[in-house]
Structure formats: structure tokens, C-alpha cells
1. Name, by its number, the condition in (1) in contact with a helix residue (DSSP H, G or I) (Cβ under 9 Å, 6 or more places away or on another chain); (2) under 25 Å from A:GLY230 (Cβ atoms); (3) open to solvent by 20 Å² or more (accessible area, probe 1.4 Å) that does not hold for A:GLY273.
2. Considering every residue within the range A:67-74, establish whether at least one is open to solvent by 20 Å² or more (accessible area, probe 1.4 Å), within 12 Å of A:ILE278 (Cα to Cα) and at pLDDT 95 or above.
3. Could you count how many residues in the range B:114-140 are of a type in the set (Gly, Ala, Ser) and surrounded by fewer than 18 Cβ atoms within 10 Å (Cβ to Cβ)?
4. Looking at A:ALA185, A:ALA153, A:ALA137, A:ALA131, which one is open to solvent by 20 Å² or more (accessible area, probe 1.4 Å) and of a type in the set (A, V, I, L, M, F, W, C)?
5. Considering only the range A:349-360, state which residues are within 18 Å of B:LYS123 (Cβ to Cβ) and within 9 Å of chain B (Cβ to nearest Cβ).
6. Any residue at all in the range A:148-162 that is within 23 Å of A:ALA94 (Cα to Cα) and of a type in the set (A, V, I, L, M)?
7. Kindly indicate whether any position in the range A:193-207 is in contact (Cβ under 8 Å) with a residue 12 or more places away in the chain, surrounded by fewer than 22 Cβ atoms within 10 Å (Cβ to Cβ) and within 21 Å of A:LEU78 (Cβ to Cβ).
8. Taking the condition of a type in the set (A, V, I, L, M, F, W, C) and farther than 24 Å from A:CYS363 by Cα, does A:ALA193 pass?
Amino acid sequence: MNVNAIREQFPILHQEINGHPLVYLDSAATSQKPRSVIDAVKRYYEWDNANVHRGVHTLGSRATEGYEAARAKVAAFLNASSEEEIVFTRGTTAAINLVASSYARSVCGEGDEIVITPMEHHSNLIPWQQAAKATGATLKYIPLQSDGTISLADVEATVTSRTKVVSMTYASNVLGVINPVKEVAAIAHRNGAVMVVDGAQSTPHLKVDVQDLDCDFYAFSAHKMCGPTGIGALYGKKSILSRMEPIEYGGEMIDFVELYESTWKDVPTRFEGGTPIIAGAIGLAAAIDFLQEIGLDHIHHHEQKLAAYAYEQLSAIDGITIYGPKEGRVGLVTFNLDDVHPHDVATALDSEGIAVRAGHHCCQPLMRWLNVSSTARASFYLYNTEEEIDRLAASLQRTKEFFGHAIG
Amino acid sequence: MQLDDLYRRVIMDHYKNPRNRGTLDNESVTINLNNPTCGDRIALQLQIEDGKVIDAKFSGEGCSISLSSASMMTQVVKGKTYEQALELAERFSALMKGEEVEFEELEDIEALSGVNKFPARIKCATLSWNALRKGIEQQQQS
């Protein structure tokens, strides 16, 4: 994998921030976009823009073809068995909310259970809290081990015959942990529950095969995998999706409308009320092409190397705490420096052109489990290099000295 | 951009030795506020008599900017009437917008003017002042 050639394709990376070359280490929040994705969106607006599934005219056909081709591309990318299993959404959050609002609320009742973990992003936590409240179901948590991983024995102990839904992130946006979702799905199924996988942090970095995982739902966002913001998708097994009611009503999703009754289109259009995110879908398709051309295996391997290197370089700094397991992590390192607040760390790094995230990472329960109010996080993608990690480590050393002097 | 522009010595002094950190025994009002972007929290307590802030203390977690700002705010607000305190809060907002304002009452506060150039950090600096506003509004309503 030629990282320099890859970097050339990302226009945004070639700029200075505060007088230093940009080091972008916040891809877990959102990735940067290659020229091919930017061009695909531009070309769509300049040549093909029209509403989909309506117009008889040529542009309408082109837009529809582009949008539906994107759906087929996503289906193949995830190895879904048909494109009818792909619902376009605004992103992971909207996808999980769709499952929680439509599926979970129809199958859960008093005494039933929804099972998640404390490491979930708020977008895979609050929808289930609300679904549990609305249905009288109990929200249960699989406990975390001391290194932030989960054990299958705990999954077995938590999931029961009353469990209707198990939902879990494939990869943690804070701990970097990769969860054994395939094994968890098998446990869920043995107990008669469905398995929902939050793929926001895995889809950009790992080869995903939803049939192999045998999950019932899988959600992801385009913007973390070189695609545009505002688009993502929900994969759902057709047998389950076709039993689900829509949660948004309007144009596009209807079959036949009368004054007092209406019927819905088949899946997946039933869940896509209103004019869809056409340009976003076309940009997502371009992002999938881009990633597949490089190869998800190569990308994953590159990030594993970067994560291991970052773990080693950062561990050498006196007074640093790194969260999560050393092995088996996606390309991110979450940390704190003793006596320096992560906000101050992030501002200090930014003054040297290095972009990291500071805060609770939309994981307040996990922050409480870690016993911190917030952390800093450096996250890597296919365009990052070991030299950038060297710059991060050197800048952290200076940050420590600056605040050490300032408050020492 | 130099870090010293933001983290002036007086700010780091308030961060290292925060004034009025703790809790009051006879508070009139307690305001809990979060900085939703980072999860930091402040609990501000005010003791109020005859429409005046007699004492103020804060507790909670935060970065150097939010803690030093809280330290300065609790220092300057003591002895102020509601109107005077709210006027100070207004002036602090103006400072965060980059306007040239003075704090003769406590010149330390002017050191926070550099925050204006760090838009992501303005919420840190204003957290304690927002708590003050909220506390006074609650008192005025009751």
C-alpha cells in the first residue's frame, strides 16, 4: 500500500494549520474525502441531478440508476444477499433508531429484554433506552472486563430467552476493542433474539460480511469511510425488514394513498420516505470503489501497524494513560496526560497542526466506567503515517512540558 | 499561534490555585451545568442576601480555561447586586466576541480575551458565567 500515493488523492491533507503541515488524527469522528468521491458528487450535481423514481425524463432515469446502483454496490460491499436488504438512511444513528423504533417497539413487551454493552456510542444506547421505556422491556448490560473487552461467558449469562434484541458495536470508538459480534449473534439467535451490529467504526476499516456474521441488522455511516456526510445505510435481513412498519411517512414510500388509508411500497423503499439523499448515495458508491481498489485487508493491516506503533510511542511518554487493550484494536489510541485536561491537550496539539478529538466521544457511560470525565483520542486511517505519529508523540512531550512549567 | 497567547500566566495561576473552589454551608442556590461537548461539569453555589451576591463557590471538573474562568468569576461577583452581576456577565460575553472591554474590578479576567481566537474553547470559558446568569434568574423569579 503506497501511502504517499493515497495521500495525493486527498486534497485537504495538503495544507498548513497554524504554520505546520496538517496531521489529521480524527478519522474516527469523520474521515477525509478523496478526489474521486468529491468528483462523483460534483459530477452528479453538474450532469445528472433529478429526483428519483418519478421522472420519465432522461435525467430522472440517470439519477434513479445512479441511486439504485449505489444500493447494489453497498449490498455487494457488505455481502448482503440482495439489494432489497439495504435501506439508505442519514447515517448509523438514523439506522439504529429505525430498528429501535420500528422493530424493537413492535416485538418487545413487559418483561422482555434488550441487551447492549456499556461501551456503546450514545447512538447505540439511547434508542434502546427509549425503546425499553416505551415497551416496558428491561435494558441489560453485558459487563466489561478490566481491559474493556467483553467475555462470551458474560454474554451467555446476560442473554436469556426473554431477550428480544442484542445490539453491540463491532469496534469501540474509544477503546478500539473489536467485539466478537459473530459469536454474540450466535448466542442471541440461540435465545430467539435478533442481533444488531453498530458498524460505524468497523465498516471503514474491516472487511464486513453480514452473512458470515449472521447479524440481523447492520448499520454504518458513509462519512467515516471516505464518503459524504448525511448518508449511511441499514442492512436488514429481508425476512425481518418486510415485517417492519415504516417510521416516516410521505412521498416515495407509499404504494396507494386514499383519503383515510394508505399502503406502503415493498422494502427497502418503504423506509425511505421523502426525496432520498441521492448525491450522498452516489458519493458513498464512489467511496466503496475507492476503498475496494486499495483493499480493506491492506487498509486494516496498515492501521494495525499504525495503532501498534502509536501505542508503543505514546506509552513511552511519562505520565500518559492509554485506555483499552493493547492487542486486537482498530486504529485509534485513547489517552490522557496526567494533570493536563484533554481540551488543553487538543488545543496544544492543534497549535502544532495536529487534529485529535477531546471529550467524551458520545460515550458518557463508558467515561464513567473509565472514571474520567473526558479523554483525548488519536485515530488513524489509510492516509496516516508513522511520521505523523512521531509528530504526535513529540508534540505531546512538549505539551506535557508546557503545562508542567505553567502549573508546576 | 503561540500557546502562551491563550494560556497566560494569570490563567495558569487561577487553574493551579483556584479561588473559591468548594462548597458553601448556607447557599441560597446551586446551579449544575454541563459542557455538553466534553462532559465537564460545574456546580456553582451562590449565597444571596438583599439582592446581592454575598458569597460564591464552585466545584466540578474542567479544563484550565473553564476552571480559571470560574475562579475569576466567583472572585469578582462577590458583593455585586443582581444587575451588577448580570452586567459583568454581559461584559464577559463581549470579551468572548473579541470586543475590547475592561474589567477594572478584576483585570485577571482580561487575560481570557485570547480565548476568542479559539472558538472551540469559548464554551469552556463561559460555562461558569452561564451558571451565574441562571442562578440569578432563578433568584429573581422566586
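The values are calculated or read from the model by the stated rules, or taken from the named source; none is laboratory data. All values derive from a computational prediction rather than experimental measurement. Heads up, the Cβs are rebuilt from the backbone with ideal geometry, glycines too, and the neighbour counts pull from every protein chain shown. Note: accessible area is taken over every heavy atom of the protein model, side chains too, but ligands, DNA and RNA are not part of it. Shrake-Rupley method; radii C 1.70, N 1.55, O 1.52, S 1.80 Å.
1. Here A:GLY273 clears every test but (1).
2. Looking for residues that are open to solvent by 20 Å² or more (accessible area, probe 1.4 Å), within 12 Å of A:ILE278 (Cα to Cα) and at pLDDT 95 or above, one finds at least one in the range A:67-74, hence yes.
3. Selection size over the range B:114-140: 1.
4. Answer to the selection: A:ALA153.
5. A:ASP350, A:ALA358, A:GLY359, A:HIS360
6. No, there is no match, as no residue in the range A:148-162 is within 23 Å of A:ALA94 (Cα to Cα) and of a type in the set (A, V, I, L, M).
7. Within the range A:193-207, one or more residues are in contact (Cβ under 8 Å) with a residue 12 or more places away in the chain, surrounded by fewer than 22 Cβ atoms within 10 Å (Cβ to Cβ) and within 21 Å of A:LEU78 (Cβ to Cβ).
8. Criteria met by A:ALA193.
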